[in-house]
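Right, one structure below, let's go through it.
The values are calculated or read from the model by the stated rules, or taken from the named source; none is laboratory data. None of the values given here were measured: they were computed from a predicted structure. We place every Cβ from the backbone using ideal geometry, glycine too, and count neighbours over all the protein chains shown.
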């Protein structure tokens, strides 16, 4: 029993370290891709072709001076980045390895529970500082995330109807012959743009609107707090990319192909950032409640009918 617990803890530690290394190189990939999109080189000095740049940035951030706010709630201000970072790593336990890691028969429910706890992170991070910028950025982030959580749940519902299971390993079995991407192409597009909104990425980066909110809910953070917020955001991008691959691109398989697909979806996040301008906030809400919600509801009813007909 002790050996099994030790194996689970060791497996989780390796997983978390892998996620952190992946986040580091995702930031490097983003800066390189955005550089070439804007016809420049991007990071290319530290190490071979700038490959050590993420580690240099991490050392720089954690060695900077920490700011101390006199009129903020001390506990909320200091612990919200830690909690957000912790939640973004804990949710990675869902990756459906069939060895050494905790098995989730109700993995999808755990996913939505973990995502909903992320709201507290935005409220805690944006509320304590006395400035108006982080407060408004936090409120925007919460409104945006709650809105797209609804359409995301309904989009997930269509896939769950087809497999009739909450275990993410089942997605691999049902996509052996054909990917769900071909069966639900419109929904996969809705899913991708909802993922952009969930992770506050361009063109839906209203929580960090530099033109009007300076840097959103993380304005007052510096040093380690800012670095943890940064890591949590990019960890969420990788996780949502993994969920897209699980749902629509063949499910999980312990192979290079799976990780290449995950990298490709993460690359799309960066490509969109380098291509599209920021949306208007009212159009974002219009898109969610008047476009994605009816589409996802109707498609779910369609797949429910198909499933009943097949059975």
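Points to keep in mind about this one:
- Filter result for residue 119 (part of a helix (DSSP H, G or I), more than 24 Å from residue 251 (Cβ to Cβ), in contact with a helix residue (DSSP H, G or I) (Cβ under 6 Å, 6 or more places away or on another chain) and at pLDDT 75 or above): no
- Filter result for residue 269 (over 21 Å from residue 154 (Cα atoms) and either surrounded by 14 or more Cβ atoms within 10 Å (Cβ to Cβ) or touching a residue at least 24 places away in the same chain (Cβ under 8 Å) (or both)): yes
- Any chance residue 46 is surrounded by fewer than 17 Cβ atoms within 10 Å (Cβ to Cβ) and part of a helix (DSSP H, G or I): no
- Evaluation of residue 240 against the conditions (1) under 23 Å from residue 111 (Cα atoms); (2) part of a loop (DSSP other than H, G, I, E, B) shows that the sole unmet condition is (2).
- Residues of region 14-43 that turn out to be without any contact (Cβ under 8 Å) to a residue 12 or more places away in the chain, assigned to a helix (DSSP H, G or I) and surrounded by 14 or more Cβ atoms within 10 Å (Cβ to Cβ), as a count: 1
- If you go through region 84-107 and keep only what is touching a helix residue (DSSP H, G or I) at 6+ places or on another chain (Cβ under 6 Å), part of a helix (DSSP H, G or I) and either closer than 30 Å to residue 3 by Cβ or at pLDDT below 65 (or both), you end up with 85, 87, 88, 89, 91, 92, 94, 107.
- Scanning region 245-260 for residues that are in a helix (DSSP H, G or I) and under 15 Å from residue 184 (Cα atoms) returns 245, 246, 247, 248.
- Residues located in region 215-233, provided they are under 17 Å from residue 59 (Cβ atoms) and under 13 Å from the mean Cα position of the chain (by Cα): 230, 231
- Of everything listed in (1) surrounded by fewer than 17 Cβ atoms within 10 Å (Cβ to Cβ); (2) modelled with pLDDT of 80 or more; (3) on the phi < 0 side of the Ramachandran plot, the single unmet condition for residue 132 is (2).
- Qualifying residue in region 160-170 (condition: touching a residue at least 40 places away in the same chain (Cβ under 8 Å) and at positive phi): yes
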